[in-house]
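What follows draws every value from the coordinates through simple rules; no lab data is involved. Everything numeric here is computed off the predicted structure, so don't read it as measured data. Neighbour counts run over all protein chains shown; Cβ positions are idealised from the backbone, glycine included.
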Amino acid sequence: MIFASNIFSAQLGQADEFTNVMANILKVMLEHDIQAGIKVSVSGTSSTEVFINSVFPDMSTFANATAKLRQSQKWVDAYMSIGNSKATVPVDSFVAEVMDGFDDAPSLSEGVIMVNMWKPNPGRLADLKTGMRIAKEMHMKHGASAIRGYQVYGGRFSGCYGYNVSFTDMEAMGSWWDAGREENEKYFEEAGKDPAAEVQAQIILDNPAVIGR
């Protein structure tokens, strides 16, 4: 499975125009049968960031959908609106390939997502992947709705491996956090004795209050 993310932030005092631009981008993607959605950072970024995410079953589908989208005048107009907008600041973009064993939820997360970006230490990629699989079993047991592990291509986290924990809502995330705290701490204490990777970012995403609703 492939997913892509384009990330933006707003200029101060330009919230209304920014919201309209983001909503229109999402609308055009949905009109072209792309499974897309919007999330907003609530923790872990220096400013509020808006993530426009999309998922595809494989790279061929992603490439074909992208080529078709670029031929659409609606998309050209929507994309140009980003460059012409005084409200919109492009932050990042990347494509990611979901690893085997983490593709059992082939759709966008509906609620809260905890994003963890890890950069493997030299020669330790296999250990990082093994650790993610162990963590998935532990985190699902305590109430996560989905876990997604993936390799990032491009953008500020190029070369990193992401580990996303999804929840139906903030309350579910809080319950999960408290229920698994002791086991989670023991896991990281053990892993920290010989770490396979260094964390690069930890971001909490939620559904937007207004955009795309």
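A few remarks follow.
- Taking a quarter of the surface of the Cα convex hull of the chain gives a mean projected area of 12.0 nm².
- Test item: Cα-centred dipole of segment 2-95, Lys/Arg +1 and Asp/Glu -1 on Cβ, debye: 100
- Relative contact order, percent, the chain [alpha-carbon distance under 8 Å, six or more residues apart]: 29
- For the chain, share of DSSP beta bridges that run antiparallel, in % to the nearest 5: 100
- Legend: Rg and Dmax of segment 135-211, from Cα coordinates, 14.1, 44 Å.
- Length gained when the stretch M80-D92 is fully extended (0.36 nm per residue, less Cα-Cα span): 2.6 nm
- As a calculated quantity, the FRET efficiency between T61 and A179 at R0 = 35 Å, using C-beta atoms, amounts to about 0.40.
- Projecting the Cα atoms of P57, Q73, A4 onto the dipole axis of segment 2-95, where Lys and Arg carry +1 and Asp and Glu carry -1 at the beta carbon, places Q73 farthest toward the positive end.
- Each part reduced to its alpha carbon centroid, segment 113-133 and segment 146-164 end up 9 Å apart.
- Computed about the Cα centre, the dipole magnitude for the chain is approximately 540 debye when only Lys and Arg (+1) and Asp and Glu (-1) carry charge, each at its Cβ.
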